[in-house]
1. Report the label-to-label distance for TYR286 and LYS181 in nanometres (one decimal), using points 7 Å from each Cα along the Cα→Cβ vector.
2. If I stretch the segment between ARG276 and LYS190 completely, what's the gain in nm (0.36 nm per residue apart, minus their alpha carbon distance), one decimal?
3. What whole-number value in cubic angstrom gives the convex hull volume per residue for the C-alpha atoms of the range 87-224?
4. With springs only between Cα atoms under 10 Å apart, run a GNM on the chain and tell me which of LEU80, LEU32, LEU232 wobbles the most.
5. At 0.36 nm per residue, minus the direct Cα-Cα distance, what do ALA49 and GLU108 gain on full extension? Give it in nm, one decimal, please.
6. Please report the net charge: other residues with Cβ closer than 14 Å to the Cβ of ASN97, K and R +1, D and E -1.
7. Specify whether the C-alpha gyration tensor of the range 1-87 places it in the rounded, prolate or oblate class, a ≥ b ≥ c being the square roots of the eigenvalues: rounded for a/c under 1.5, otherwise prolate if a/b is larger than b/c and oblate if not.
8. First obtain the Kirkwood hydrodynamic radius of the range 46-92 from its Cα pairs, then insert it into the Stokes-Einstein equation at 10 °C and 1.306 mPa s, and state the resulting D in µm² per second as a whole number.
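Taken together, the values in this text are just the output of simple stated rules run on the coordinates, not laboratory data. All of these numbers come straight from a predicted model, not from anything done at the bench. Note that we place each Cβ from the backbone using ideal geometry, even for glycine, and neighbour counts take in every protein chain shown.
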Amino acid sequence: MTKTKVRKAVFPAAGFGTRFLPATKSIPKEMLPLVDKPIIQYGVEEAIAAGCDQIVIVTGRGKSAIEDHFDVSYELETMLEKRGKKELLAVSRNVSNMVNLSYVRQKEAMGLGHAVLMARDLVGDEPFAVILPDDVIDAKVGCLKQMVDVFEKVQGSILATQIVEGPGISAYGVLDGELMKGDPRVIDVKGLVEKPKMADAPSKHAIIGRYILTPEIFEVLEKTPLGVGGELQLTDGIKGLLQKEKVYGYSFEGKRYDAGDKLGLMTATVDYALRRDDLGPQFREYLKSLKL
Ligand code: G1P
């Protein structure tokens, strides 16, 4: 490893989003709004807040709206300028000025590990972050920033985790390992398994969509066989990485929403809207009036 700072963040965004059909027939699921911002923008802002200055988005067919979103929207901005809508103009410009973005296509949906592998040339030989945009995390200090702080100490791969009770654990990658004594949020990882049956889950520590990975992961992923669902699983790749170097779990502080799921996105929408100065008070009154 030649560099020790995490500057790049990879966003796998090539999935079909079938859970949101028919909305996702023509709109990428990453562009569905959480209040008034597309889901993926929350992740991009989190990466910037963690010190990343290069964003790599792994896209696929039908995802050009993501590229347009982070681009300059000349017609829109000219119109807003003419009408004197300064605040809205700033909102639009903010998005396009945010950060450097690069795009790489994942031609076939062959799994999360495959998506990460597509970013190899753009990442190069340095540690990098992976953010799954579906996982929206609300935290005082952004989840990735918390992980970057740990990375600066341990200089090894780190996976965000949270405790999942019951059969729900089978929807996640699960760590085998325990919280370290000196640092109660850090887990010394001994093994990993992708989407185990509840009875086979080695712990309740589920992987959530934030990773910091060393570049060695690319070589390992190249040799990793297809796993659950016939896909190249990132979890399996990290299991291979564990044979070569230490891997840590990090039980982050914050609330995670699964915005890739209808109920998850609805819950996030209510929570985020209630906190907004411009919407919260009226929305709260409305919810109260429902007398559920
Ligand atoms: C992916 C990963 C899984 C992880 C999850 C977090 O699964 O493969 O290990 O726990 O994201 O959201 P997916 O949700 O894409 O099936």
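1. 5.4
2. Value of the extension gain: 26.8 nm.
3. Details: hull volume 22.6 nm³, N = 138.
Per-residue hull volume (Cα only) is 164 Å³.
4. In this elastic network of the chain, the residue with the biggest mean-square fluctuation among LEU80, LEU32, LEU232 is LEU80.
5. Values: separation 59, 0.36 × 59 = 21.24 nm, distance 3.12 nm.
Length gained between ALA49 and GLU108: 18.1 nm.
6. Details: positive: ARG93; negative: GLU45, ASP53, ASP71, GLU77.
Summing Lys and Arg as +1 and Asp and Glu as -1 gives -3.
7. Oblate, since a/c reaches 1.5 and b/c is not below a/b.
8. 123
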